[in-house]
Amino acid sequence: MANEPPLQASLWHATAAPAPATQPFVGDRTADVAIVGAGFTGCSAALHLAEKGVNVTVLEAEQIGWGGSGRNAGLVNAGMWLDPSEVIRLLGPVYGPRILDALDAAPELVDRLAKRHDMACDIVPKGVIRGAHNHKALGGLIEHARQWRERGANVEVYDRTAFAKLTGSNHYVGGIVDHRSFSIQPLSYARGLARAAIAAGANLHEGARVTAVESANGKWRLKTAAGVLTADKMIMATNAYSDGLWPGMRETIIPIGCYMYATEPLSENVRQSILPGKRALYDAQPSMVFARYDRDYRLIVGSLGYLPSGEMVSPRSWAQRTLRYLFPQLGEQTFSHAWAGTIGFTSDHLPRIYEPAPGVHMVLGYNGRGIGPGTYWGKTLADRVLGMPASDFALPVSPVKAAPFRGLRSRFYETAFSAYRLRSLFQ
């Protein structure tokens, strides 16, 4: 995608568990199910299908976890950005509670799969912290927590003093801790899903970009530069990295950047006062600043948006200043890695599920919460392929329709995020 350094520039690539061995895709092959994309959704679908004895083949254009799955902040959050009441208002009394219950349990699904398949993905089960940058935001977080607690979730509210002790930062007026959520090494998790899928019998091929899809005799033919895969059914699992492979699919989401920087490992005496307990932090600002540790206590800081080369203000200056106002006790830091990725937003912050032709299945638009939802939807699409009726989905099937004012929205978000970066430098 535009404005993205290669995945190899990221800390996750430098510290990830080894990828499973794969073979090139060559010649004419057949499968019961073809999956395009080896991120969280594609690998989860492949794993759950292969465990049921389905002949499944995954075609990945680049590498396992190349897209957002290997580039994100690694926060496995429960639920969605929206309050439960707003979800029910938008989706109604049937689908609203369904999707809330499904994504409430998504972190547990991630944790269960990681443990069952012995994935070395650095889970930190401490609860994820969300900070309020002003009193209006705090009121919103308190209401968010109240609604989830009414549904049985373990979400705590902290005042300014308690929140400062929890995080080591005096920047926030309070916040919440969602004990359903945790942090993870996202690329290691994506590779772990892929490894488990292969062990269960799935075929997975990297460097196998699908260049065309066509229907023939009731089956689907997926063409690559080196061969053709013919399958009864197809799952498109490309989310924010969708191209023109299926007409209109790319236009249904709004691409948003997400970038981050990692310091060198912090000394023990420094990290005792910064995010003690290794809890991950993000805030309630529209551009969302986040901070967390990796397994070696490198401090990762980032936000939404892209950092194009030649920007008026140095990106590293932004990272230094952000750490300075979040954690003034930290001092100047050296950054070892910098990377970015793309998130697929939707106009209402709800995912979309599509079935644009018989035997074709797609879910996309995770709105920055891809780890839990991606895993969940991969499993759900596997269930659908195995015969689950569409009426059992946690969301209604939608027509493939372009996001309203997609280009304008994308430019608006990027302009707003850039303005925030500039403003934050002078706080």
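The values are calculated or read from the model by the stated rules, or taken from the named source; none is laboratory data. Everything numeric here is computed off the predicted structure, so don't read it as measured data. Virtual Cβ from ideal backbone geometry, glycine too; neighbours counted across all protein chains shown.
Could you tell me whether the range 342-358 includes any residue that is closer than 21 Å to Val128 by Cα and small (Gly, Ala, Ser)? Checked the range 342-358: no residue is closer than 21 Å to Val128 by Cα and small (Gly, Ala, Ser). Residues of the range 206-218 that are of a type outside the set (D, E, K, R) and either surrounded by fewer than 21 Cβ atoms within 10 Å (Cβ to Cβ) or not assigned by TED's automatic domain parsing to the domain that holds Gly374 (or both): Gly207, Thr211, Ala212, Val213, Ser215, Ala216, Asn217, Gly218. Taking the stated definitions as given, is Gly79 surrounded by 21 or more Cβ atoms within 10 Å (Cβ to Cβ), under 18 Å from the mean Cα position of the chain (by Cα), modelled with pLDDT under 95 and within 23 Å of Ile254 (Cα to Cα)? Spelling it out, Gly79 is indeed surrounded by 21 or more Cβ atoms within 10 Å (Cβ to Cβ), under 18 Å from the mean Cα position of the chain (by Cα), modelled with pLDDT under 95 and within 23 Å of Ile254 (Cα to Cα).
No other residue among Ala38, Ala14, Ala102, Ala19 is touching a residue at least 40 places away in the same chain (Cβ under 8 Å), part of a loop (DSSP other than H, G, I, E, B) and surrounded by fewer than 24 Cβ atoms within 10 Å (Cβ to Cβ) apart from Ala19.
Within the range 124-172, the set of residues being among the polar types (S, T, N, Q) and either within 25 Å of the chain's Cα centre (by Cα) or part of a loop (DSSP other than H, G, I, E, B) (or both) comprises Asn134, Gln147, Asn154, Thr167, Ser169, Asn170.
Residues checked against (1) of a type in the set (Gly, Ala, Ser); (2) more than 22 Å from the chain's Cα centre (by Cα); (3) within 19 Å of Thr22 (Cα to Cα):
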| position | (1), (2), (3) |
| --- | --- |
| Val210 | no, yes, yes |
| Lys219 | no, yes, no |
| Thr224 | no, yes, yes |
| Val228 | no, yes, yes |
| Asp232 | no, yes, no |
| Met236 | no, no, no |
| Tyr241 | no, no, no |
| Gly244 | yes, no, no |
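Of all strands (runs of 3 or more DSSP E) completely enclosed by the range 298-407, which ones contain at least 3 residues that are touching a helix residue (DSSP H, G or I) at 6+ places or on another chain (Cβ under 9 Å) and farther than 17 Å from Ala262 by Cα? In the range 298-407, 335-345, 352-354, 360-364 are the strands (runs of 3 or more DSSP E) which contain 3 or more residues that are touching a helix residue (DSSP H, G or I) at 6+ places or on another chain (Cβ under 9 Å) and farther than 17 Å from Ala262 by Cα.
Count of the range 249-284 residues, restricted to those that are buried (at least 21 other Cβ atoms within 10 Å of the Cβ) and of a type in the set (Asp, Glu), is 1. Condition first: crowded, with 21+ Cβ neighbours inside 10 Å and part of a strand (DSSP E or B). Can you find one or more residues in the range 46-55 that meet it? No, the range 46-55 contains no residue that is crowded, with 21+ Cβ neighbours inside 10 Å and part of a strand (DSSP E or B). Whenever a residue of the range 142-168 is on the phi > 0 side of the Ramachandran plot and assigned by TED's automatic domain parsing to the domain that holds Ala132, its partners that are at pLDDT 95 or above and surrounded by 15 or more Cβ atoms within 10 Å (Cβ to Cβ), lying with C-beta atoms within less than 8 angstrom and at least six residues away or across chains, give the pairs Gly168/Ile274; Gly168/Leu275; Gly168/Phe327. Being in a strand (DSSP E or B), modelled with pLDDT of 90 or more and more than 16 Å from the chain's Cα centre (by Cα) is the requirement here; does Ser215 meet it? Yes; evaluated as a whole, the condition is true for this residue. Can you spot a residue in the range 321-333 that is more than 30 Å from Leu47 (Cα to Cα), among the basic types (Lys, Arg), more than 21 Å from the chain's Cα centre (by Cα) and at pLDDT below 95? Checked against the condition, which is being more than 30 Å from Leu47 (Cα to Cα), among the basic types (Lys, Arg), more than 21 Å from the chain's Cα centre (by Cα) and at pLDDT below 95, the range 321-333 yields at least one hit. Out of Trp12, Trp66, one residue alone is modelled with pLDDT of 95 or more, among the aromatic types (Phe, Trp, Tyr) and under 28 Å from Asp283 (Cβ atoms). It is Trp12.
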